[in-house]
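No value in this document is a laboratory result; all are computed from the given coordinates. Since we're looking at a predicted model, the values are computed, not measured. Please note: Cβ atoms are built from the backbone with ideal geometry, for glycine as well, and neighbour counts cover all protein chains shown.
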Amino acid sequence: MNTYLNDEQRKVYESFNDLLPWDKGNLLYAIAMNTDSGDIEKYFLDELGYIKYDDYDAVKDVIDNNLESDVLDEMDEIEICDYLLNGWNAEENTRYMVDSLDCDDAAKLISELTEDKILKIFDNIKERFPDTYKKILLHIGGIKK
């Protein structure tokens, strides 16, 4: 602990150290961007190790520091789904989630889609997976095309 800090500074320092890595970066960036001096920006961004998001693997950092539960506790269901459906392994994540649904839940989920969305899905299947599309048509209505 830095012994040269007064009590108020020590509280701020401890609170800062309790932040998750990306929150520290966001705070430092906000301070640097809202400070008049050009030197302070360089000090915060370069000297204190602010890194660009493109150069930072947040998931790896979370896993390496055993912060999975902390991060998940801070995320709501929509954020978790958004990450899973738009992350680097989206197709596999989606396949896993769909496979994990029981048939009743999957049927309910599909039945609640808008007609436009259902048609887009079937058009996509027809274009990209013609054999699967033929199987679906054959199964649901005995339609041969």
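Summary of values
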{"quantity": "³J(HN,Hα), Karplus 6.51/-1.76/1.60, whole Hz, each residue of the range 108-119, x for Gly, Pro", "calculated": "4, 4, 5, 5, 8, 6, 6, 4, 4, 5, 4, 5"}
{"quantity": "More than 19 Å apart - percent of Cα-Cα pairs taken over the range 69-145", "calculated": "55"}
{"quantity": "Sorted by Cβ density within 10 Å, fewest first, the residues D76, D70", "calculated": "D76, D70"}
{"quantity": "FRET efficiency for I78 and E112, using Cβ-Cβ distance with R0 set to 22 Å, rounded to 0.05", "calculated": "0.85"}
